[in-house]
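K.L.:
Before I ask anything, here is the structure I am working with.
The values are calculated or read from the model by the stated rules, or taken from the named source; none is laboratory data. Computed from a predicted model, the values in this text were never measured in an experiment. Here Cβ is always computed from backbone atoms with ideal geometry, including for glycine, and neighbour counts include all displayed protein chains.
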């Protein structure tokens, strides 16, 4: 049986409010899904297969700096002559020949910036206030793989709690129409994608935390946000570093 002091200490320990810094870090990307023509798809797919993706990435990155008929003067291309790019393949140039930035493409189906569930980690730290620079007190969850966290919560609660909310997307139908040709441009990122401060009257309960998981148009599961006790948590932003560009072409099959 607990002593009177132990009971008093227990009561004291539950006097809130309590503050926790929650973050999601790891690998992910900023991804742009651009609707393109079949001609552009076929041309760049062949170029990529023949010499790799360097030149098509250069086209996408440099298009905003050149009119379509001035592109031949761009010196960033390695394996192809930019003057030979067919007009029909210039999906980053509008009908007037003006190029756009890859982060503001002409016809974008979807854009997201999030951590990949396969390489994301959860950290929960108890801190002394709700300020962004609050002082650390102790680690509650230290850099745990999000998949392991989800499995652990389910196991420790005997299946009563699920640490995820599925189908969280800003678009109710994230997939392009069947037959649509897509250029997927990605800036790979590493670092912190989500950070928030949780204020709660009681100590942190892992059973109340949910990760908002959504399927991107390419089928990848991403961590978009966090919920606690049924309430979506505001995000203070992230801090990531770019690790390179990648580009893919495909035709939507379903």
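K.L.:
Taking strands (runs of 3 or more DSSP E) that fall entirely within segment 185-252, which contain at least 2 residues that are exposed (fewer than 14 other Cβ atoms within 10 Å of the Cβ) and at pLDDT below 95?
P.N.:
Filter on segment 185-252 gives 239-251.
K.L.:
Pairs, please: C-beta under 9 Å, at least 6 apart or cross-chain, first residue under 10 Å from residue 194 (Cβ atoms) and in segment 229-241, second assigned to a loop (DSSP other than H, G, I, E, B)?
P.N.:
If the second residue must be assigned to a loop (DSSP other than H, G, I, E, B), the pairs left are 236/132.
K.L.:
Next question. Taking the condition of being in a loop (DSSP other than H, G, I, E, B), more than 25 Å from the chain's Cα centre (by Cα) and touching a residue at least 24 places away in the same chain (Cβ under 8 Å), how many residues in segment 91-129 meet it?
P.N.:
4
K.L.:
Still on this structure, please answer the following. Taking the criterion of being closer than 18 Å to residue 227 by Cα and in contact (Cβ under 8 Å) with a residue 12 or more places away in the chain, would at least one residue in segment 175-193 satisfy it?
P.N.:
yes
K.L.:
Looking only at segment 202-230, count every residue that is farther than 18 Å from residue 123 by Cα and over 23 Å from the mean Cα position of the chain (by Cα) and tell me the total.
P.N.:
1
K.L.:
If you scan segment 52-83, which residues turn out to be touching a helix residue (DSSP H, G or I) at 6+ places or on another chain (Cβ under 9 Å), in contact (Cβ under 8 Å) with a residue 24 or more places away in the chain and not in a helix (DSSP H, G or I)?
P.N.:
Selection gives 53, 66, 78, 79, 80.
Let's see how each residue does on (1) in the same structural domain as residue 222 (by TED's automatic domain parsing); (2) under 30 Å from residue 227 (Cα atoms); (3) surrounded by fewer than 16 Cβ atoms within 10 Å (Cβ to Cβ):
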| residue | (1), (2), (3) |
| --- | --- |
| 71 | no, no, no |
| 116 | yes, yes, no |
| 138 | yes, yes, yes |
| 155 | yes, yes, yes |
